[in-house]
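One structure below.
The values are calculated or read from the model by the stated rules, or taken from the named source; none is laboratory data. Keep in mind the model is a prediction, meaning the values are calculated, not measured. Heads up, the Cβs are rebuilt from the backbone with ideal geometry, glycines too, and the neighbour counts pull from every protein chain shown.
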Amino acid sequence: MRAVVQRVTSASVTVEGETVGAVGPGFMVLIGVSKEDTDKDLKYIVDKVQNLRVFDDENGVMNRSILDVGGSILAVSQFTLYGDARGGRRPSYFRAAGPEMANELYEKAVAAWRDQGIHVETGRFRTEMKVSLVNDGPVTILLDSEKAF
(Lines give C-alpha, C1' and ligand atoms only; values in the text may rest on other atoms or scores of the structure.)
Protein backbone atom coordinates (compact mmCIF):
# COMPACT_ATOMS: atom_id res chain seq x y z
CA MET A 1 0.00 0.00 0.00
CA ARG A 2 1.30 3.43 -0.87
CA ALA A 3 0.40 6.89 0.32
CA VAL A 4 1.50 10.35 -0.68
CA VAL A 5 0.95 12.57 2.35
CA GLN A 6 1.02 16.33 1.89
CA ARG A 7 0.70 18.77 4.77
CA VAL A 8 -1.82 21.35 3.59
CA THR A 9 -3.43 24.57 4.70
CA SER A 10 -6.42 23.55 2.57
CA ALA A 11 -7.41 20.89 0.04
CA SER A 12 -10.52 20.01 -1.93
CA VAL A 13 -11.73 17.56 -4.54
CA THR A 14 -14.45 18.15 -7.12
CA VAL A 15 -16.36 15.79 -9.37
CA GLU A 16 -18.20 17.24 -12.37
CA GLY A 17 -17.95 20.73 -10.87
CA GLU A 18 -19.30 19.70 -7.44
CA THR A 19 -17.04 19.87 -4.39
CA VAL A 20 -17.33 16.44 -2.76
CA GLY A 21 -14.65 16.87 -0.10
CA ALA A 22 -12.72 19.75 1.44
CA VAL A 23 -10.52 20.26 4.48
CA GLY A 24 -8.71 23.06 6.21
CA PRO A 25 -5.33 22.51 7.83
CA GLY A 26 -4.20 18.91 7.84
CA PHE A 27 -3.27 16.30 5.24
CA MET A 28 -4.07 15.54 1.64
CA VAL A 29 -3.51 11.77 1.37
CA LEU A 30 -3.42 9.96 -1.96
CA ILE A 31 -3.84 6.21 -1.35
CA GLY A 32 -2.80 3.43 -3.72
CA VAL A 33 -3.56 -0.25 -3.13
CA SER A 34 -1.68 -3.16 -4.71
CA LYS A 35 -2.95 -6.66 -5.47
CA GLU A 36 -0.72 -8.03 -2.70
CA ASP A 37 -1.89 -5.72 0.10
CA THR A 38 -3.39 -7.11 3.28
CA ASP A 39 -4.72 -5.69 6.52
CA LYS A 40 -1.08 -5.58 7.72
CA ASP A 41 -0.28 -3.06 4.97
CA LEU A 42 -3.41 -1.10 5.80
CA LYS A 43 -2.51 -0.94 9.49
CA TYR A 44 0.99 0.30 8.66
CA ILE A 45 -0.25 3.14 6.43
CA VAL A 46 -3.04 4.19 8.80
CA ASP A 47 -0.68 4.27 11.78
CA LYS A 48 2.09 6.11 9.93
CA VAL A 49 -0.23 8.79 8.57
CA GLN A 50 -1.93 9.55 11.87
CA ASN A 51 1.35 9.60 13.81
CA LEU A 52 3.65 11.43 11.36
CA ARG A 53 5.24 14.26 13.32
CA VAL A 54 5.31 16.94 10.64
CA PHE A 55 3.38 19.76 12.32
CA ASP A 56 5.26 22.46 14.19
CA ASP A 57 5.38 22.58 17.97
CA GLU A 58 5.67 25.78 20.00
CA ASN A 59 9.37 26.00 19.04
CA GLY A 60 8.75 25.73 15.30
CA VAL A 61 10.04 22.14 15.19
CA MET A 62 8.10 19.49 13.26
CA ASN A 63 7.21 17.45 16.31
CA ARG A 64 3.41 17.09 16.32
CA SER A 65 1.08 14.67 14.59
CA ILE A 66 -2.29 15.32 12.99
CA LEU A 67 -3.81 13.83 16.15
CA ASP A 68 -1.91 16.37 18.27
CA VAL A 69 -3.01 19.39 16.23
CA GLY A 70 -6.60 18.34 15.49
CA GLY A 71 -6.09 18.50 11.72
CA SER A 72 -8.26 16.96 9.02
CA ILE A 73 -7.54 14.51 6.20
CA LEU A 74 -8.72 14.62 2.61
CA ALA A 75 -8.28 11.02 1.41
CA VAL A 76 -8.34 10.26 -2.32
CA SER A 77 -7.97 6.81 -3.86
CA GLN A 78 -5.19 6.87 -6.46
CA PHE A 79 -4.50 3.65 -8.40
CA THR A 80 -1.84 5.45 -10.46
CA LEU A 81 0.51 5.28 -7.44
CA TYR A 82 1.17 1.76 -8.72
CA GLY A 83 2.00 2.94 -12.22
CA ASP A 84 5.25 1.41 -13.48
CA ALA A 85 6.91 3.37 -16.28
CA ARG A 86 10.24 1.55 -16.29
CA GLY A 87 9.45 -0.42 -19.45
CA GLY A 88 8.38 2.42 -21.69
CA ARG A 89 6.53 5.70 -21.81
CA ARG A 90 3.06 4.40 -21.01
CA PRO A 91 2.79 3.24 -17.39
CA SER A 92 1.58 -0.26 -16.60
CA TYR A 93 -0.84 -0.60 -13.72
CA PHE A 94 -0.46 -4.37 -13.41
CA ARG A 95 0.30 -4.24 -9.68
CA ALA A 96 -2.66 -2.02 -8.80
CA ALA A 97 -5.50 -3.77 -6.99
CA GLY A 98 -8.83 -4.18 -8.76
CA PRO A 99 -11.61 -1.73 -7.89
CA GLU A 100 -13.37 -3.94 -5.33
CA MET A 101 -10.26 -4.69 -3.27
CA ALA A 102 -8.89 -1.16 -3.62
CA ASN A 103 -12.12 0.43 -2.45
CA GLU A 104 -12.40 -1.97 0.48
CA LEU A 105 -8.93 -1.11 1.84
CA TYR A 106 -9.37 2.59 1.07
CA GLU A 107 -12.67 2.67 3.01
CA LYS A 108 -11.06 0.77 5.89
CA ALA A 109 -8.31 3.42 6.08
CA VAL A 110 -10.88 6.22 6.15
CA ALA A 111 -12.87 4.42 8.87
CA ALA A 112 -9.74 3.81 10.97
CA TRP A 113 -8.79 7.49 10.92
CA ARG A 114 -12.35 8.48 11.79
CA ASP A 115 -12.26 6.00 14.69
CA GLN A 116 -9.28 7.98 16.02
CA GLY A 117 -11.38 11.15 15.99
CA ILE A 118 -9.81 12.63 12.84
CA HIS A 119 -12.19 14.52 10.56
CA VAL A 120 -11.86 12.82 7.15
CA GLU A 121 -13.30 13.98 3.85
CA THR A 122 -13.03 11.85 0.71
CA GLY A 123 -13.05 11.94 -3.02
CA ARG A 124 -15.50 9.82 -5.00
CA PHE A 125 -14.14 6.39 -5.89
CA ARG A 126 -13.80 5.56 -9.62
CA THR A 127 -14.66 9.02 -10.89
CA GLU A 128 -12.67 11.70 -12.68
CA MET A 129 -11.65 14.00 -9.85
CA LYS A 130 -10.05 17.44 -9.76
CA VAL A 131 -7.89 17.89 -6.68
CA SER A 132 -6.74 21.29 -5.44
CA LEU A 133 -4.46 21.92 -2.51
CA VAL A 134 -2.17 24.40 -0.88
CA ASN A 135 0.87 22.43 0.26
CA ASP A 136 2.13 23.83 3.55
CA GLY A 137 5.91 23.99 3.77
CA PRO A 138 5.97 22.28 1.32
CA VAL A 139 5.90 19.02 3.25
CA THR A 140 5.36 15.84 1.23
CA ILE A 141 6.03 12.34 2.57
CA LEU A 142 5.98 9.11 0.56
CA LEU A 143 4.91 5.97 2.42
CA ASP A 144 5.16 2.42 1.07
CA SER A 145 4.19 -0.54 3.25
CA GLU A 146 6.40 -2.86 1.16
CA LYS A 147 9.46 -1.06 2.49
CA ALA A 148 8.33 -1.47 6.11
CA PHE A 149 8.46 -5.24 6.45
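Report, by residue number, each residue of segment 23-70 that is over 27 Å from MET101 (Cα atoms) and among the basic types (Lys, Arg).
Result: ARG53, ARG64.
Among the numbered criteria (1) in contact with a Leu (Cβ under 6 Å, 6 or more places away or on another chain); (2) under 25 Å from THR19 (Cβ atoms); (3) charged (D, E, K, R), which single criterion is violated by ARG124?
If we test ARG124 against (1) in contact with a Leu (Cβ under 6 Å, 6 or more places away or on another chain); (2) under 25 Å from THR19 (Cβ atoms); (3) charged (D, E, K, R), just (1) comes out false.
Are any of the residues in segment 90-109 part of a strand (DSSP E or B), aliphatic (A, V, I, L, M) and at pLDDT 95 or above?
Initially, segment 90-109 is screened for residues part of a strand (DSSP E or B), giving 92, 96.
Still in the running and aliphatic (A, V, I, L, M): 96.
Applying the additional criterion that residues be at pLDDT 95 or above yields 96.
Yes: segment 90-109 contains one or more residues that are part of a strand (DSSP E or B), aliphatic (A, V, I, L, M) and at pLDDT 95 or above.
GLN6 fails exactly one of the following numbered conditions: (1) of a type outside the set (Val, Ile, Thr); (2) farther than 17 Å from SER145 by Cβ; (3) loosely packed, with under 14 Cβ neighbours inside 10 Å. What is the number of that condition?
The number of the failed condition is (3).
Of the residues ARG89, ARG95, which single one is free of Cβ contacts under 8 Å to residues at least 40 places away in the same chain and among the basic types (Lys, Arg)? Break it down into steps so the answer makes sense when it comes.
Values: ARG95 fails: free of Cβ contacts under 8 Å to residues at least 40 places away in the same chain.
On inspection, the qualifying residue turns out to be ARG89.
Is it the case that some residue within segment 73-80 is over 13 Å from the mean Cα position of the chain (by Cα) and in contact (Cβ under 8 Å) with a residue 12 or more places away in the chain? Please lay out each step first, then the result.
First, pick out the residues of segment 73-80 that are over 13 Å from the mean Cα position of the chain (by Cα): none.
Looking for residues that are over 13 Å from the mean Cα position of the chain (by Cα) and in contact (Cβ under 8 Å) with a residue 12 or more places away in the chain, one finds none in segment 73-80, hence no.
Looking at GLY17, is it surrounded by fewer than 19 Cβ atoms within 10 Å (Cβ to Cβ), closer than 22 Å to LYS130 by Cβ and modelled with pLDDT of 95 or more? Explain how you work it out, then say what you get.
On the way: surrounded by fewer than 19 Cβ atoms within 10 Å (Cβ to Cβ): yes; closer than 22 Å to LYS130 by Cβ: yes; modelled with pLDDT of 95 or more: yes.
Yes; evaluated as a whole, the condition is true for this residue.
Which is within 22 Å of THR127 (Cβ to Cβ) and touching a helix residue (DSSP H, G or I) at 6+ places or on another chain (Cβ under 8 Å), of SER65, SER77?
None of the others qualify; the one that does is SER77.
Say we look at segment 110-129 and pick out the residues that are among the hydrophobic types (A, V, I, L, M, F, W, C) and not in a strand (DSSP E or B); which of these is nearest to the chain's Cα centre (by Cα)?
VAL110
Restricting attention to segment 78-101, which residues are among the small types (Gly, Ala, Ser) and out of contact with any Asp or Glu (no Cβ under 9 Å at 6 or more places or on another chain)?
GLY83, ALA85, GLY87, GLY88, ALA96, GLY98, listed by residue number.
State which residue is farthest from SER12 (Cα to Cα) when the search covers only segment 130-149 and only residues that are among the acidic types (Asp, Glu) and assigned to a strand (DSSP E or B).
To start, the set of residues in segment 130-149 that are among the acidic types (Asp, Glu) comprises 136, 144, 146.
Still in the list and also assigned to a strand (DSSP E or B): 136, 144.
Details: ASP136: 14, ASP144: 24 Å.
In this case the residue turns out to be ASP144.
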